[in-house]
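Undergrad: Once you've had a glance at the structure underneath, I'll fire off some questions.
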2 protein chains.
Amino acid sequence: MDSMATQSSAQIGNEPSPLLIFDALNGFQRATALKAAIELEVFTLIGAGVTTAVELAKSAQTSQKGMRILCDFMTIHGFLTKQDGTYGLTRDSAVFLDKKSPAYMGSIAFFLVHPVHIANYMDVTAAVRKGGAVSEHGNMGPEAPIWVDFAKFMAPVSAMGSAAMAQIVNAPGQPMKVLDIAAGPGAYGIAIAKLNPKAEIYGLDWKNVLALSIEHARQAGVGDRYHGIAGSAFDVDLGAGYDLVLLPNFLHHFDHATNVKLLKRVRAALKPGGRLATVEFVPNDDRISPPMAASFSMMMLGSTESGDAYTLKELDAMFRDAGFGESAAQELGPETLVLTKY
Amino acid sequence: MDSMATQSSAQIGNEPSPLLIFDALNGFQRATALKAAIELEVFTLIGAGVTTAVELAKSAQTSQKGMRILCDFMTIHGFLTKQDGTYGLTRDSAVFLDKKSPAYMGSIAFFLVHPVHIANYMDVTAAVRKGGAVSEHGNMGPEAPIWVDFAKFMAPVSAMGSAAMAQIVNAPGQPMKVLDIAAGPGAYGIAIAKLNPKAEIYGLDWKNVLALSIEHARQAGVGDRYHGIAGSAFDVDLGAGYDLVLLPNFLHHFDHATNVKLLKRVRAALKPGGRLATVEFVPNDDRISPPMAASFSMMMLGSTESGDAYTLKELDAMFRDAGFGESAAQELGPETLVLTKY
């Protein structure tokens, strides 16, 4: 220890630093504090011109001290600006965390920092030993209530990529029969229905989640062309003759063999010549880039029995093993859209 | 949403990004995964030449998949390097996370990611409303068992600053009677005893913690000059005639009035002309810098009834209100040493 102290005096600016370690170990404070700021609508209030801790505390009905500490913490971590005691929104906070913004996604905090979700990561040591979620099914139990929360709270995220995806996969002016597997909030299928008035969408999910997809389709004005298939993608009748099957954020929950089994069923449901559109967090072969996609492996390790974030090579191998032809990938925000030939 | 997608195609590299938001909300994964890597001794193994996921899994008795995901995650977050499937230590990991390093501080994970500690931050919204810890006493209940864990696990952190502090406050060759308030692992007082053979240290802490300070003093070979005072600093007899009183990381647990009450007792225990040495995380007046000290307010909001990270002005006001003279501050790693005249 004495040598450390001497060293740090001698090598100021280049000495070893434990800051990154502290920062990581205190990471759950960042998660729960951001959730609190979203829950207390701090970003929305600041966007509306309530910009001091005293005023914010009054509007949000909190203590002044707590609000000051929360806003300073949000500033330190890049979610607010502070000038002479007055807080302001960053560009990203204004776009994504102010409820008045059309791209508001604050609701994701209520899933990503949900006690049931967090519980999956409380013993990463055990998950690493086992190679998967420590609880029996992770989040993957049939009709797990967390998926209703997921569909509700994570809707803004799928909404982000869905419009871009719809543009890419749409066959303008032509009828399309589309199967959306594990539709969740329904965004991907609905985006196609909005773009193509001749598209008929079949959304598949567990019954309790499907109610939400159907409601979203109705709200989007495409309810008459949105059909529900309730059940598990692994054993419900998928229907047949699809031009396009969507697999948004589904394959990462399972291992290669399970996915091949599913993909064979999917291929059988496609028209010959139809296409498969997969949306996934796809890490590069180095598995450490890009950071968000590569980090997604940890998300799966903690919350699924055998899921993972798959590289393009690994996805291609699944598709080939299920009888599919070649795949082409393109970026879709932080995710990747993989289009695969029949 | 449609406008978002269009915008991001048009303004690549400058478009709004939710990455910081995801990163923060997933922050607890970073905390618990780093704890797992420390617990599984991944850094120590890599330091010893076990550098592939397969070998590491074998040595640490984990699944290969889990180890691969953990090491990739550690790499993404800056704690490991990866080249052609081989992991390496970063400079900071080698210094602080390899058990063979004298500056090893991996044990801090077992406090900072302790379930009892984490529980304080699970409802930041409620803490912000209240202006303090939601549980009755936060961590501050008398003889709370977490403080024994704290003293054990956080010892490397106080060890870092203690040697440098001892150099500054020591009166070489002269007898010193030193009171170390809330001694915890005892590092600050022990560092003075090691430097000055004529120093007599009186370590004060709750009985269950004090046993550890005394044991540490014995291990450091200064046990014969280390005396325990068991109890609360607010009502136990502090003794008298001290040349120096140490207040390392204590004032942040309480509010101004409580601290003034304590500081009056402390001043009464000093020799006239004695000095007070306070070690604290001290934010600048802007309360958002430096980041580690400023973030410490959130640590206190969640875990104490009325604590905070105090600015120099606020500390000076407490000292003045208790009758002390002027203070001078200097950096002590991420913390600040404040020397105050009688």
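The values are calculated or read from the model by the stated rules, or taken from the named source; none is laboratory data. From a predicted model like this one, the values you see are computed outputs, not experimental measurements. All Cβ positions, even for glycine, are placed from backbone atoms using ideal geometry, and neighbour counts span all protein chains on display. All accessible areas refer to the heavy atoms of the entire protein, side chains included, with ligands and DNA or RNA removed. Shrake-Rupley method; radii C 1.70, N 1.55, O 1.52, S 1.80 Å.
Undergrad: Considering only the stretch A:182-212, state which residues are touching a helix residue (DSSP H, G or I) at 6+ places or on another chain (Cβ under 7 Å) and of a type in the set (S, T, N, Q).
TA: A:208, the sole residue that qualifies.
Undergrad: Those residues that are of a type in the set (Gly, Ala, Ser) and open to solvent by 60 Å² or more (accessible area, probe 1.4 Å), I need them from the stretch B:249-276; list them, please.
TA: B:257, B:268, B:273
Undergrad: A further question follows. Taking the stretch B:155-181 on its own, how many of its residues are away from chain A (no Cβ under 14 Å) and either among the small types (Gly, Ala, Ser) or open to solvent by 20 Å² or more (accessible area, probe 1.4 Å) (or both)?
TA: 6
Undergrad: Also, quick follow-up: Is one or more of the residues making up the stretch B:120-136 over 19 Å from residue B:35 (Cα atoms), hydroxyl-bearing (Ser, Thr, Tyr) and either in contact (Cβ under 8 Å) with a residue 40 or more places away in the chain or buried (at least 23 other Cβ atoms within 10 Å of the Cβ) (or both)?
TA: The answer is no, given that none of the residues of the stretch B:120-136 is over 19 Å from residue B:35 (Cα atoms), hydroxyl-bearing (Ser, Thr, Tyr) and either in contact (Cβ under 8 Å) with a residue 40 or more places away in the chain or buried (at least 23 other Cβ atoms within 10 Å of the Cβ) (or both).
Undergrad: Here is a follow-up. Can you tell me which residue among B:183, B:171 is within 21 Å of residue B:117 (Cβ to Cβ) and outside any helix (DSSP H, G or I)?
TA: Unique residue meeting the criteria: B:183.
Undergrad: Condition first: of a type in the set (Asp, Glu) and over 16 Å from residue B:258 (Cα atoms). Can you find one or more residues in the stretch B:321-329 that meet it?
TA: Yes: the stretch B:321-329 contains one or more residues that are of a type in the set (Asp, Glu) and over 16 Å from residue B:258 (Cα atoms).
Undergrad: Hey, another quick one. Test residue A:102 against the criterion of being open to solvent by 40 Å² or more (accessible area, probe 1.4 Å) and modelled with pLDDT under 95, and give yes or no.
TA: For residue A:102, the condition - open to solvent by 40 Å² or more (accessible area, probe 1.4 Å) and modelled with pLDDT under 95 - is met.
Undergrad: Turning to a different aspect of this structure: Using the structure shown, decide if residue A:188 is in a helix (DSSP H, G or I), under 20 Å from residue A:262 (Cβ atoms) and modelled with pLDDT of 95 or more.
TA: yes
Undergrad: Could you look through the stretch A:17-53, keep only residues that are facing chain B (nearest Cβ under 7 Å) and outside any helix (DSSP H, G or I), and pick out the one that is nearest to residue B:111 (Cα to Cα)?
TA: By that ranking, first place goes to A:26.
Undergrad: What's the number of the condition residue A:312 fails, among (1) within 14 Å of another protein chain (Cβ to nearest Cβ); (2) open to solvent by 60 Å² or more (accessible area, probe 1.4 Å); (3) modelled with pLDDT of 95 or more?
TA: Every condition holds for residue A:312 apart from (1).
Undergrad: Continuing with this model, one more query. Name the residue, out of B:154, B:176, B:165, that is over 19 Å from residue B:234 (Cβ atoms) and out of contact with any strand residue (DSSP E or B) (no Cβ under 8 Å at 6 or more places or on another chain).
TA: So the residue among B:154, B:176, B:165 that is over 19 Å from residue B:234 (Cβ atoms) and out of contact with any strand residue (DSSP E or B) (no Cβ under 8 Å at 6 or more places or on another chain) is B:154.
Undergrad: Oh, and also: Can you tell me which condition residue B:184 does not meet? The list is (1) in contact with a Pro (Cβ under 9 Å, 6 or more places away or on another chain); (2) open to solvent by 20 Å² or more (accessible area, probe 1.4 Å), and all the others hold.
TA: Going through the list (1) in contact with a Pro (Cβ under 9 Å, 6 or more places away or on another chain); (2) open to solvent by 20 Å² or more (accessible area, probe 1.4 Å), residue B:184 breaks only (2).
Undergrad: Could you check the stretch A:127-157 and list, in sequence order, the residues that are at pLDDT 70 or above, in contact with a Phe, Trp or Tyr (Cβ under 9 Å, 6 or more places away or on another chain) and outside any helix (DSSP H, G or I)?
TA: A:154
Undergrad: Here's a check for you: in the stretch A:1-40, which residue that is open to solvent by less than 70 Å² (accessible area, probe 1.4 Å) and of a type in the set (D, E, K, R) is modelled with the lowest pLDDT?
TA: For the stretch A:1-40, the residue satisfying everything is A:15.
Undergrad: If you take the residues of the stretch A:54-73 that are more than 7 Å from every other protein chain (Cβ to nearest Cβ) and farther than 16 Å from residue A:41 by Cβ, which of them is least open to solvent (accessible area, probe 1.4 Å)?
TA: Once the filter is applied, the top-ranked residue is A:68.
Undergrad: Only residues that are more than 7 Å from chain A (Cβ to nearest Cβ) and open to solvent by 40 Å² or more (accessible area, probe 1.4 Å): list them for the stretch B:83-93, please.
TA: Once the filter is applied, which keeps residues that are more than 7 Å from chain A (Cβ to nearest Cβ) and open to solvent by 40 Å² or more (accessible area, probe 1.4 Å), the stretch B:83-93 yields B:83, B:84, B:86, B:89.
Undergrad: When the stretch B:291-328 is examined, which residues are found to be among the aliphatic types (A, V, I, L, M) and more than 14 Å from the chain's Cα centre (by Cα)?
TA: Scanning the stretch B:291-328 gives B:301, B:312, B:315, B:317, B:318, B:322, B:328.
Undergrad: Now, a different point. Conditions first: (1) more than 7 Å from chain A (Cβ to nearest Cβ); (2) over 26 Å from the mean Cα position of the chain (by Cα). Residue B:107 passes all but one, so which condition is the exception?
TA: (2)
Undergrad: Okay, next question. Which of (1) within 14 Å of chain A (Cβ to nearest Cβ); (2) more than 21 Å from residue B:133 (Cα to Cα); (3) modelled with pLDDT of 95 or more; (4) open to solvent by less than 30 Å² (accessible area, probe 1.4 Å) is the odd one out, the single condition residue B:284 does not satisfy?
TA: (4)
Undergrad: Right, here's the next one. If you go through the stretch B:247-258 one residue at a time, do you hit one that is within 14 Å of another protein chain (Cβ to nearest Cβ), under 22 Å from the mean Cα position of the chain (by Cα) and of a type in the set (A, V, I, L, M, F, W, C)?
TA: yes
Undergrad: Quick test of your reading of the structure: residue A:301 fulfils all but one of (1) assigned to a loop (DSSP other than H, G, I, E, B); (2) within 14 Å of another protein chain (Cβ to nearest Cβ); (3) surrounded by 19 or more Cβ atoms within 10 Å (Cβ to Cβ). Name the failing condition by number.
TA: (1)
Undergrad: What do you reckon, is residue A:246 open to solvent by less than 30 Å² (accessible area, probe 1.4 Å) and within 28 Å of residue B:63 (Cβ to Cβ)?
TA: Taking the combined requirement at face value, the residue does not satisfy it.
Undergrad: Continuing with the same structure: Within the stretch A:218-225, identify whether any single residue is buried (at least 18 other Cβ atoms within 10 Å of the Cβ) and assigned to a helix (DSSP H, G or I), and answer yes or no.
TA: Yes, that holds for at least one residue.
Undergrad: Would you please name the residue that is farthest from the other protein chains (Cβ to nearest Cβ), looking only at residues in the stretch A:318-333 that are open to solvent by 40 Å² or more (accessible area, probe 1.4 Å) and at pLDDT 95 or above?
TA: Here the residue is A:326.
Undergrad: Going by the structure shown, is residue B:279 open to solvent by less than 40 Å² (accessible area, probe 1.4 Å), assigned to a loop (DSSP other than H, G, I, E, B) and of a type in the set (A, V, I, L, M, F, W, C)?
TA: It is false that residue B:279 is open to solvent by less than 40 Å² (accessible area, probe 1.4 Å), assigned to a loop (DSSP other than H, G, I, E, B) and of a type in the set (A, V, I, L, M, F, W, C).
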